[in-house]
Amino acid sequence: MATTSEKPRRGRVIAITLAAVVILLLAIIGSGVAGPILGGGPGFSSAAPSSPRASSTATATHEATPAVLTVSPADQATNVPPDSPVTVSASSGTLNGVTLVDTHGDKVSGKASPDGSWASSQLLHPATAYTLSIAATGPDGSPTSVSSTFTTLKPKVIATYSVTPDGSVVGVGMPVIVQFDSAVTTRARRAEVEKRVKVVTVPTQPGAWGWLDDRQLMWRPEHYWISGTKVSVSTPLHGVQTGDGKWVTADAATTFTVGPSMVSIVDMRRHRLTVRRNGVVIRSFPVSTGKPGPLTETRSGIKVIIERNSTIVMDSATVGIPKGNPNYYKIKTQWNLRLTWTGEFIHSAPWSVNSQGTQNVSHGCTNMAPNDAQWMFNNSRVGDVVAFTGGDRVFKPVEGYGVWVYSYAKWAALSALV
């Protein structure tokens, strides 16, 4: 049986025990243990937060809260389409800066949206590795840095093209030509090409792009070029898809100058070629054009000189008149100015001098006397205009640089963007 003197001592023991429990709870609370911070998206990574050391006064310490980011493509992604946009957004926090570079250190431009997200504004190069670096601020103002990488797909077929003219002085009828080696297969893909190419002229002249077919994109001014015009062409087409598994990998650019105006008229009924320089007649020559027939008559229409060759061996088999055909020929010619891909030239023809000026006896070419043809060759440029009148066989646009077959309105209607 306890005595009355023991009761106060038991009360003191209980009080001491309770005080110890309170001190232990305060120590646990003061340790600052925090839960995990969730967030991120494809390509997002951040280090797990560390627990701050408890203060001697047992005051709670708050952890930094990083921004929560969503990134596309995801980190380590492969086979990314070059026309796929790169995007970054923050569902928590604020983006401060985004940099996208390829393996050469070349930057890909991009821009921020009003909602604070970022998106690339250029196409990517195929078969190329990219690094994305992001700086952001968390909701509490703490900094967040994220880096991710991805690789674009390797094309099954590389789409190639050329740009003409290239650095030369040309005639007033010369179009700008973006010539693909294979078809740009759909209208939507042709529109993607067209909206990226650009022509700058000094002085400024109105003009339009149009497609002669699914491989030939051309730009022509509303009227013939103003003599002396300086022209710059840029075709930043890398990353454009032109067909199934087929992508452009390279860009191109060119400049050229327009020379004096030289426009010639060939009247096939009168058998005359008249040359105008800057609108003034400077020469007139007797000629013989193609004799009547579906394969030999010279085509009527506005043509442009495509190329100049001082000597050519002409073989009719290359234009559909084979050996054994009564109209077959193979002959060496001089002072050749090509007008069509289908074999029409202005050239020297000493064998038909007696017919020049009186009748049409050629297989489609414009025959001239040797000295006349040499003058014409020496005074002509690629891009000079030669218009043919008086025939029933019509020049088709795809048979040459056929941009002047159309009125300006009809030409502009050949754009893939209308």
For the chain, just list the percent of Cα-Cα distances falling in each 10 Å bin from zero outward, please. 4, 16, 18, 15, 11, 9, 7, 6, 4, 3, 2, 2, 1, 1, 0, 0
Using just the Cα positions, wrap the range 360-418 in a convex hull and report its mean projected area in square nanometres, one decimal place. 5.9
Radius 10 Å from Cβ of Lys323, net charge of other residues (Lys, Arg +1; Asp, Glu -1): 0
Stokes-Einstein at 10 °C, 1.306 mPa s, Kirkwood radius from Cα pairs: D for the range 79-222 in µm² s⁻¹? 86
Between Ser162 and Asp102, what FRET efficiency comes out of the Förster formula 1/(1 + (r/R0)^6) with R0 = 22 Å and r the beta carbon distance, rounded to 0.05? 0.35
With bins of 5 Å, the percent of all Cα-Cα pairs of the range 68-134 per bin from 0 is 4, 17, 31, 27, 13, 7, 1
HN-Hα couplings for the range 67-83 via Karplus (6.51, -1.76, 1.60; θ = phi - 60°), in whole Hz with x for Gly/Pro, come out as 5, 9, 10, 10, 10, 9, x, 5, 4, 6, 5, 10, 6, 6, x, x, 9
Across Thr318, Thr65, Thr255, the residue with the highest GNM fluctuation in the chain (Cα network, 10 Å cutoff) is Thr318
Projecting the Cα atoms of Val231, Val353, Met218 onto the charge dipole of the chain, where Lys and Arg contribute +1 and Asp and Glu -1 at Cβ, the residue farthest towards the positive end is Val353
For the chain, what is the relative contact order in percent, using Cα pairs closer than 8 Å and at least 6 residues apart in sequence? 13
Taking the chain and counting helices only, DSSP H stretches of n ≥ 4 at -39,500 (n - 2.57) each over all residues, the nearest-500 ellipticity at 222 nm comes to -3500 deg cm²/dmol
Length gain on complete extension for the stretch Val202 to Arg308, per 0.36 nm per residue less the alpha carbon to alpha carbon distance? 35.5 nm
Quick one: go through the range 393-409 and flag any residue whose amide nitrogen is under 14 Å from the point 7 Å out along the Cα-to-Cβ line of Val418. 406-409
How large, in Å, is the range 313-378 by the Kirkwood hydrodynamic radius built from its alpha-carbon pairs? 12.3
Can you divide the C-alpha Rg of the range 97-159 by 2.2 N^0.38 Å and report the result to two decimal places? 1.34
Could you work out how far apart the two model spin labels at Val169 and Tyr329 are, taking each label as a point 7 Å from the Cα in the direction of the beta carbon, and quote it in nm? 3.3
What nm value, rounded to one decimal, do you get for the distance between Thr255 and Asp181 when each label is placed 7 Å out toward the C-beta? 2.8
Over the range 242-320: Kirkwood hydrodynamic radius from C-alpha pairwise inverse distances, Å: 17.0
Isotropically averaged projected area of the range 201-250, using the convex hull of Cα atoms (one quarter of hull area), nm²: 4.5
Of all beta bridges DSSP finds with both residues in the chain, what is the antiparallel percent, to the nearest 5? 85
Among Thr137, Ala119, Ile321, which residue has its Cα positioned farthest towards the positive end of the charge dipole of the chain, with +1 placed on the Cβ of Lys and Arg, -1 on the Cβ of Asp and Glu, and the dipole taken about the Cα centre? Ile321
For Ser109 and Thr137, FRET efficiency with R0 = 30 Å and r from the beta-carbon atoms, rounded to 0.05? 0.85
Axial C-alpha extent at least 18 Å, average Kyte-Doolittle at least 0.5 - helices from the chain (DSSP): 6-29
Size of electric dipole in the range 177-296: Cβ of Lys, Arg +1 and of Asp, Glu -1, about Cα centre, debye, nearest 20: 560
Which whole number in µm²/s is D for the range 265-418 by Stokes-Einstein, with the Kirkwood Rh taken over Cα pairs at 37 °C and 0.692 mPa s? 207
Most mobile of Trp404, Trp341, Trp209 in a GNM of the chain (Cα contacts under 10 Å): Trp341
Cut-off 20 Å, label 7 Å out along Cα→Cβ of Val353, residues of the range 241-284 by amide N: 271-273, 284
At Arg277 and Asp83, where each label point lies 7 Å from the Cα along Cα→Cβ, what is the point-to-point distance in nanometres? 4.9
As computed over the range 145-272, the Cα convex hull volume per residue (Å³): 162
DSSP-defined beta bridges in the range 254-393 - what % are antiparallel, rounded to 5: 75
Compute the signed sum of charges (Lys and Arg +1, Asp and Glu -1) over the other residues within less than 15 Å, Cβ to Cβ, of Thr128. -2
Which of Asn367, Asn379, Asn79 moves most in a GNM of the chain, Cα contacts under 10 Å? Asn379
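All of the numbers you see were taken from the coordinates with simple rules; none came from a lab. The structure presented is a predicted model; accordingly, all values stated were derived computationally and were not measured. Ideal geometry is used to build each Cβ from the backbone, glycine not excepted, and the neighbour counts take in all protein chains shown.
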